[in-house]
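Chemist: Below is the structure I would like to discuss, written out as structure tokens.
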Amino acid sequence: MTSPTYAQVVFNLPLPGAFTYRIPAALQDRVQVGMRVLAPFGPRKITGYVVALTDTCDASLKLKNLEDVPDTLPVISPELLALTRTVADRYHAGWGEVIKAALPAGLDDEEHELFSLSPQGEAALQTSNLPSAAQAVLHLVHKRKQLSRKQIRHALKKNYKSHTLATLKLEGHLHTETRLRKSSVPYKTEKIVRIAADAAPQDAVETLLARSPKQKELYDCLQNGELPLPELAKRFPKYSGPLRQLREKGLVETLSTQVSRFDGEALDLSAAAPDGPLKFTPDQEKVYATLNAALDAATFHTFLLQGVTGSGKTEIYIRCIQQALDAGRTAIMMVPEISLTPQTVFLFRRRFGENVAILHSGLSAVERYLEWEKIRQGEVPIAIGARSAVFAPLKHLGIVVIDEEHDGSYKQDSTPRYHARETAIARAQAAGAVVVLGSATPSMESRHKAMNGEYQYLTLPKRIGTRLMPTVHLVDMRKERDERKNYSIFSVEMKRAILERMDRGEQVFLFLNRRGTANYVVCRKCGFVFECPHCSVSLTFHSRSKILMCHYCNLTRVMPGHCVECGGEVIRFSGFGTQKLEEETRALFPAARIARLDRDTTRTRSAFEAMYRDMREGRIDILIGTQMITKGHDFPGVTLVGVVYADLSLHIPDFRSCERTFQLLTQVAGRAGRGTVPGRVVIQAHNPDHYVYDYVARHDYNGFFDKELALRQRLHYPPLTQLVTLAIEHPSEAQGEAYMQHLQSQLAPLIREAEGVELLGPARAALYRLQDQYRWHFIFRSRHDEALQALAHKAKQLDAIQKPPGSQFKLTLDVDPVNML
DNA sequence: AGCACGCCGACT
DNA sequence: GTCGGCGTGCTC
């Protein structure tokens, strides 16, 4: 039998097709479908993926040989090859791009040509009779000894010419050496600062630092124990000078340590009561019986499990996964990125021990690779992770659980723009697996499909045990201001409720849907709001550094003393972030022990765990936080949840802002009263008449769904239609506008031919200017998936889209967009 | 995407 | 006349 002579290879590039390569005799029996290969592609050599092996090929192609095969085993199975193909087609991405996304990061090799100076080049450098461009290259290479092409180009910026480099190489002035960089990224490390082991005795230090208060202060701080550099930077914004001097004096040392977050092993597994067989409520039993039957049948089936917070969804997931395992099959458990906390991991580790692999962005590339490898080798039958876990290389997949299925983070917002929920369903369909979508507040899409019978609908309407749903109180902040003349962040009711909890020794969550200090700076008199000149979003005031900052492009401005519009008038801060809320709360409740949880304060695992422990053990009275506090944590002592500015998320210009607000508020409310004391929720709003609050207050998901569905129906929005957006960015407004007109004229005839597809736009994006780019979008909308897909494909082929005028246009096609800003 | 080629205007 | 910028097209 002859082995195949050609390999079909795809690359991590936005190209539609595969490329054919000849397999040289030496590699003949080493190449298999699903392996990575190093292939010459134009002037470079890059990693590709073998998607097929053939004996024949198109004779018109001038073929090149494969360069190398780094794998002994395929990195991607036929099953996942097929899935990635489907995803690539659906989301208009390159097949190779999707394969790349399905593999752990840092797996690719890249070939580097390292340039160095030859003796002849040294001589030429002395005589300098070459063109100035060539001289510059020689100088650079002389100075830095060995450089890659990329480094040379980077150093020379606009002065780089590939031709100059090629000529120098040809003439023998430069030597090249090819190196293969195994790009397995090293462990994620963190710099730690501590007092040097062989530091001088205390009195010597005192005299040494007597005249350096800054250094002394830093040194004293470190005497309480070593600190990670980021932590130090927070306490001493200007640490670098003093630290350097301390190091030079030999008093402190810095070292790198490996950081490994979120693996859950730091939690003491033995401390937890080993849970016996799970005892189910009748509701849970009923749901489980249905899932049980589907798992037994081992055929594709999708369920939507709608269960209020605390209704015991997780126990059902666990038992279903166990059942799949017992039947010799494997499981994927997907959670939103933000929920993959040590506690979540702990829950599954406690139940399944070493049978769980965790795929998380908090892991270093090596750690993630090791977890992935465990799955691929079949050592571990359960994969837990965020979006990308949908591609976990498990065999015999039996069940996919998607917790918080409504969460927006399941849609990737960069290429390939796949939706992990839809992808999971596609995978399960091919594998004959069961899908369980779980949520207290299902997405409109999933709930609608359950209504139509596409998914089977299951509910857990009650909390477990005697725990009651929290009572929700809505406070009208306009009345508070106008009638009670209360200009504080806290309404009278909120204040009273907090004081009550403190008297009773119970805990409080204060929730704010923003971070930063003051959201914007506004002139009280003329209403002028300071905006980012590049992004048309309001600038955020940071009190610590007294600057205004754009959270999109990082622009910083000194806080102005006067309004620039009407001059010299009073400027006040309206709106605020968790930091400001913390200040106000401390001022108002001086006796309370207050902590803040957001990305600023709990970036490190130790900080997070310390907070978590303090909270569980009642050493914190009030916890202030953003969305982070709504997911994956269970604090039984919390009996009051306060939402400070509920309106914020309602005013986002997106047709889903209402749905998101409902989900968010319901989620936050669910944090209240998980212990034995019934919870209370106080929501402060400036426009409390909005219907969304009513449904939140009554815990009426179904009512909200009906209302919102009617609205979507009237406005022709998903889930009654499907959308594809074409987003365009350009630095020039005029050129962009002109191109929009042209595009519209090209798209119009396609739309006329297509059956039941509409075209909306061109419209300005909600964030019209972002990072010096003007942004527009077209929206294709249809009730018919096939027609919409067909149109999107046709539109993509359009000359006007394939070759926009000039190189500065950036076009993005997004199927089923989730974030439309 | 990333790279080279080729055309253009702006300088010596 | 050369240099450097930018647009265009190709990659088995």
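Chemist: Rank by packing, highest mean first: peptides A:708-718, A:638-648, with packing defined as the count of other Cβ atoms within 10 Å averaged across residues.
Modeler: Highest mean packing first, the order is A:638-648, A:708-718.
Chemist: Another question about this same structure. Over 26 Å between C-alpha atoms is what I'm after, so list which of A:K64/A:K794; A:K100/A:K796; A:K485/A:K546; A:K238/A:K495; A:K286/A:K374 land there.
Modeler: A:K64/A:K794; A:K485/A:K546; A:K238/A:K495; A:K286/A:K374
Chemist: I need A:C550, A:C320, A:C57 ordered by Cβ neighbour count within 10 Å, fewest first.
Modeler: Neighbour counts put them in this order, fewest first: A:C57, A:C550, A:C320.
Chemist: Right, here's the next one. Which order do the peptides A:58-64, A:806-812 take when ranked by the mean count of other beta-carbon atoms within 10 Å per residue, highest first?
Modeler: Details: A:58-64: 9.1, A:806-812: 13.6.
By packing density, highest mean first, the sequence is A:806-812, A:58-64.
Chemist: For a footprinting-style exposure proxy, rank A:W776, A:W95 by other Cβ within 10 Å, fewest first.
Modeler: With the fewest neighbours first, A:W776, A:W95 line up as A:W776, A:W95.
Chemist: Then there's this: What is segment A:6-83 by shape, rounded, prolate or oblate, if you read a ≥ b ≥ c off the alpha carbon gyration tensor as root eigenvalues and call it rounded for a/c under 1.5, prolate for a/b larger than b/c, and oblate otherwise?
Modeler: Note, shape of segment A:6-83 comes out rounded.
Chemist: Rounded to the nearest 5, what % of the DSSP beta bridges within segment A:6-83 are antiparallel ones? List each step's numbers first, then the result.
Modeler: On the way: 17 of 19 bridges.
The antiparallel proportion sits near 90 percent.
Chemist: Given A:F41, A:A7, A:A52, which one lies farthest toward the positive end of the charge dipole of segment A:1-72, if we put +1 on the Cβ of every Lys and Arg and -1 on the Cβ of every Asp and Glu?
Modeler: Going by the charge dipole, the pick is A:F41.
Chemist: Report the GluC sites (Glu not before Pro) located in segment A:333-400 that are in a DSSP loop and have at most 13 other Cβ atoms inside 10 Å of their Cβ, or state none.
Modeler: A:E379
Chemist: Find the percent of Cα-Cα distances in segment A:347-441 that exceed 18 Å, and round it to a whole number. Show your work: numbers first, answer last.
Modeler: Values: 2156 of 4465 pairs.
Tail fraction, whole percent: 48.
Chemist: If you rank A:C563, A:C532 by fewest surrounding Cβ atoms within 10 Å, what's the result?
Modeler: Ordered from fewest to most neighbouring Cβ atoms within 10 Å, A:C563, A:C532 come out as A:C563, A:C532.
Chemist: Next question. Please give the FRET efficiency for A:K395 paired with A:S606, using the beta carbon to beta carbon distance and R0 = 35 Å, rounded to the nearest 0.05.
Modeler: With a Förster radius of 35 Å, E is 0.40.
Chemist: I need the chymotrypsin sites (Phe, Trp or Tyr not before Pro) found in segment A:1-81, filtered to DSSP loop residues with at most 16 other beta carbons within 10 Å of theirs.
Modeler: none
Chemist: Are there any trypsin sites (Lys or Arg not before Pro) in segment A:480-516 that are in a DSSP loop and have at most 15 other Cβ atoms within 10 Å? List them by number.
Modeler: Passing sites in segment A:480-516 are A:R484, A:K485.
Chemist: What FRET efficiency would be calculated for the residue pair A:Q735, A:L798, taking the C-beta separation as r and a Förster radius of 30 Å, to the nearest 0.05?
Modeler: In this case the efficiency is close to 0.95.
Read the figures in this text as sums done on the coordinates, not as results from a lab. Keep in mind that what you see is a predicted model, and the values were worked out from it rather than measured. All Cβ positions, even for glycine, are placed from backbone atoms using ideal geometry, and neighbour counts span all protein chains on display.
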